[in-house]
Each structure stands twice: as structure tokens, then as C-alpha cells.
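Reviewing the structure listed below.
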Amino acid sequence: MSVPVLVLDSADGIGLWMRDALLDAGLACTLAREDDEAGRSLDAQRPALVAVQVEQVTVWTPVLQRLGEMTPRVPVLGVVGRDAPIDFTPALALGVTDLLTYPCSAEDLVIRVASSMRGRHDPHRVPERVEPVSPLATLRSVTEAAEEALLRTETAAARVNRSEEREHLRSARESLAHSLQVILGTMIGTAEASGHGREGHARLAAILTREMTVELGWSPMRVRGMELAAMFYDIGLLDVPGNTLAVPGALDPAAVELLQRHPDVAADILEPLSRVGVPVAAVRAHHERLDGSGYPRGLRGRQIPFGAQLLAVVDTYAALVRPRPHRPALPTEAALVVLREEVAAGRLAGKLVELLQELVTRDGPSAIGGDGNGAAGTGNGMAVRRGAAVTRRAARGGLTLSV
């Protein structure tokens, strides 16, 4: 007997099309329109996969929660409309492990379903130990699926000759990339809202990066890629327990080691977006420093991509003008003093710090995104000296300036 697929559709959307496409491909498939109907299907036979439209996940909460309690876990394929402005947080929280952008071909649906089910129905497979699924693990599975889908659209585009077919594939590729950006943005917002002094950091970093790259005369596509890199470069912090960065003093060695992995984690998550111009190498190296004192690899000088050098300057400034558990927010001028000290020490690029200083002093902090938390725009000399001293003490205590 074929392994069953359960399609959930409470609104007579594309569920019927999905069921028929899967049946035509030789897969056993059941369509459920109500909770009771879905429950009976679960009681009769465990599905190998459940497919649900992302905009309906809250309607199917009881069913999805029940799936999450099963051992081994049942994969859930979320189907999302190409132009749907959807918050993916509920879908991820309820166990959606893969995404498919609709409209798509029946072949794409079957391939994605088969890929998601692979290895799940082996009768000799040892049941996996059930553990809570972290947001990071779910996010990894989603971005891996997105990368596979982006690759398929690129491969297909290379094979077609008709211009309208190429345009359709290009549109599908852009929609998929947009869906992935929405997911990442939602996760960043959630992480910052529950973090310690990080709310608004990604937005400010993205604004500063856009302004700097425009001033450098970069192409619109390259500017957009760097802006996305700045928005998402800290998504790897989802791998760090929430209370790790809440300590008022220096981090212990274990916490520092965990923290220093986050650029690699972020780059791995963002790898699919390299296909739409996001400089993943810059994300991976945005905590490296010119003198070799950075992490995770201790790169120095020209070993560090120029984009990473720019992100390092932006990240440090955006962190300094917001409060952290180990120090207060600094006013703009105090933050610039610290940046200039980093240049003098050989850690940050002088030309890029000069450019940032020109932007924030010319346009004003509020025009660039604000200092955050009420920090004064310039402050007096005492505030500058006190803020810089606090930051130097934090650095000596084992904390990076941009934590």
C-alpha cells in the first residue's frame, strides 16, 4: 500500500487540486476539510506527510499540535501563495517543516512531497527520540527546502526556450526568495523582541548599510543584497540561549564559544539567499577584525571581504547606540569616538568609519534610524569620555563591542 498523505483545507482552496495531483502520481492521499475528519484519518492510519495552506494553520491548530506529539514526527508541508503577505511565525510554531510556493506545477508538488517524506516511512527505521524542535532547527529545514526549490527553478529556466516560460520561472524564483525573506524577518523580529537591548538593531544596521553602499556608488542589486545581509546577519543568535547575553558582566568561556559560532550559523541559514544577491561570505566574516582579533576564524587584512568590513563598522555602531546589559547606550559622538579608537587599534577600516561618521553627522541620527532608547544625538564631552570608558572596560572583560 502507498504511504498516505493528508491534505488539510478548510476553505475549499487548492486542497482538491493537491489531492488529485498526488493521486495521479500514485500516492495515497486523503483530503480533510474539518478537524473531526482529519482526526479520523489520523486514527485510521498515521500519514507520512501532512500538507496545509499556510494561511490556514491557525484553523488547524488542534490537528497540528497532535501531529507534533507523534513519534516519530510527521513532516508538515506548508503551501503559501506567491504574493501572500503572511506572518510565518504561527506556521513555524505549529510544526511546518517545509514550504512550497503556489501556483506551481503538479510535478513540483509531487517532487516536494516525495522529498519531504523520504525516509519517514521505512518500517525498519528506529523511532527517533522526541525532543522539542527549536526555531533554529525548523528554520534550517525551511531554508534548505528553499535552496532546493531555487536551484530547481534556475535549472528549469536554463532549459526552456519560450520567453513567457522563462518569465514565469523568474517570477516563481523571486516569489520564493521573498517568502524566505519574510520568514527570516519574522524570526529576527521575534528574537529581538525577546532579547536584551537588541530590539531595532537589525533595522538600524540595514538602514546604515543601505545608505553607505549607496554613497559608495554600488549597483541597486548589490545595495539590496548588502541591506538584506545587515538585516539578517545576527539570525544565528537564535542558536544562543536567550539568557546567555543577559549577564551584566563578562561572559564565561563557554558562553563566548557559543556566541562566536553565530556568524557561521547565520551564513548557513542565509545560503539560499546567495542566489538572489545576498553576500553570505560577508555575513560569515562580519565579526572578523583587520588585526586578526575577530571571530570565528581570526581573519586579518585583505582576507576579510570588503562587505564584511562594512558590516563590522555598521554592526559596532548600531550596537553602541543601544543599551546592553553590560553597558548603557552611548550618544552618537561617544559611539563615533569608540569607532575611531577601533580604527587606531587596527581593527576597523578607517575610510568606512569616516563614511559612517559623515552620514550620521550630516543627516542626523533620527534621519538614519535614531540612537535608540533616548540617547542624545551628540552629548557633552563628559558623556563621550564616560561612554567610551564603559565600552573599553566591557571589551577588556571579554565582551565584543558589538554584542
Spin-label model distance (nm) - Val256 vs Ala114, 7 Å beyond Cα toward Cβ: 5.1
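Using 1/(1 + (r/R0)^6) with R0 = 35 angstrom and r between the beta carbons of Ser219 and Asp291, what's the FRET efficiency to the nearest 0.05? Intermediate results must be reported in sequence, preceding the final value.
Values: r = 31 Å, r/R0 = 0.88.
E(calc), rounded to 0.05, equals 0.70.
Highest mean first, how do 67-73, 214-220, 256-262 rank when packing is the count of other Cβ atoms within 10 Å averaged over residues?
On the way: 67-73: 14.3, 214-220: 12.1, 256-262: 16.6.
Result, highest mean first: 256-262, 67-73, 214-220.
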What is the spin-label model distance, in nm, from Trp17 to Arg66 if the labels are put 7 Å beyond Cα along the C-beta direction? 2.8
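Within 10 Å, count the other beta carbons around each residue, average over each peptide in 314-320, 345-351, and list them highest first.
Details: 314-320: 26.3, 345-351: 16.4.
In decreasing order of mean packing, 314-320, 345-351 become 314-320, 345-351.
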For 222-235, 102-115, ranked highest to lowest by mean beta-carbon neighbours within 10 Å, the order is 222-235, 102-115
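FYI, it's all coordinate maths here, none of it is from the lab. All values reported here derive from a predicted model rather than from experimental measurement. FYI the Cβ positions are ideal-geometry reconstructions off the backbone, even for glycines, and counts take in every protein chain you see.
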